[in-house]
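The values are calculated or read from the model by the stated rules, or taken from the named source; none is laboratory data. Please read these numbers as outputs of a predicted model, since none were measured by experiment. Every residue, glycine among them, receives a Cβ derived from its backbone with ideal geometry; neighbour counts consider all protein chains shown.
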């Protein structure tokens with residue numbers, strides 16, 4: 001069992017969450033419970049599952065939590081693309097988010113491989 005805050009992958013995922021919150025603050029009011037909420041909820045689940053995995057008793061169970069987090073990263077990747085195509089994200093904001101998403105995906109995949 002370890003402190004999730006010490007994991008680089010959690011730190012990166014948490015930073016991505018903060019970025020998404022900042023970028024979605026000015027989304028249209030009608031998206032309050034639509035895409036904005038979906039982006040925020042999904043990005044919060046990524047570091048949450050990493051944190052949850054840290055409390056699991058075995059590496060195999062921790063790996064399952066990371067696998068679930070990876071699913072949320074993939075979902076977030078789609079939501080970010082949708083926000084960009086609906087012109088809610090600028091091209092530069094989308095690129096920034098997408099770069100962060102890809103980095104978290106790589107880190108999760110690598111960490112998961114080490115645990116297995």
Discussion item. Cβ contacts < 7 Å: first residue under 16 Å from residue 87 (Cα atoms), restricted to region 26-41; second residue modelled with pLDDT of 90 or more and exposed (fewer than 13 other Cβ atoms within 10 Å of the Cβ), any location; separation 6+ or different chain. Result?
Written reply: none
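Conditions (1) over 12 Å from the mean Cα position of the chain (by Cα); (2) within 16 Å of residue 13 (Cα to Cα); (3) in a helix (DSSP H, G or I), marked per residue:
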site	(1), (2), (3)
40	no, yes, yes
64	yes, no, yes
87	yes, no, no
96	yes, yes, yes
101	no, yes, yes
Worksheet item: Looking at region 28-36, is at least one residue modelled with pLDDT of 95 or more and assigned to a helix (DSSP H, G or I)?
Response: yes
Response to the item:
For region 103-116, the count of residues that are in a helix (DSSP H, G or I) and in contact (Cβ under 8 Å) with a residue 40 or more places away in the chain equals 7
Fill in: Residue within region 5-24 that is surrounded by fewer than 17 Cβ atoms within 10 Å (Cβ to Cβ), over 9 Å from the mean Cα position of the chain (by Cα) and at pLDDT below 95 present
no
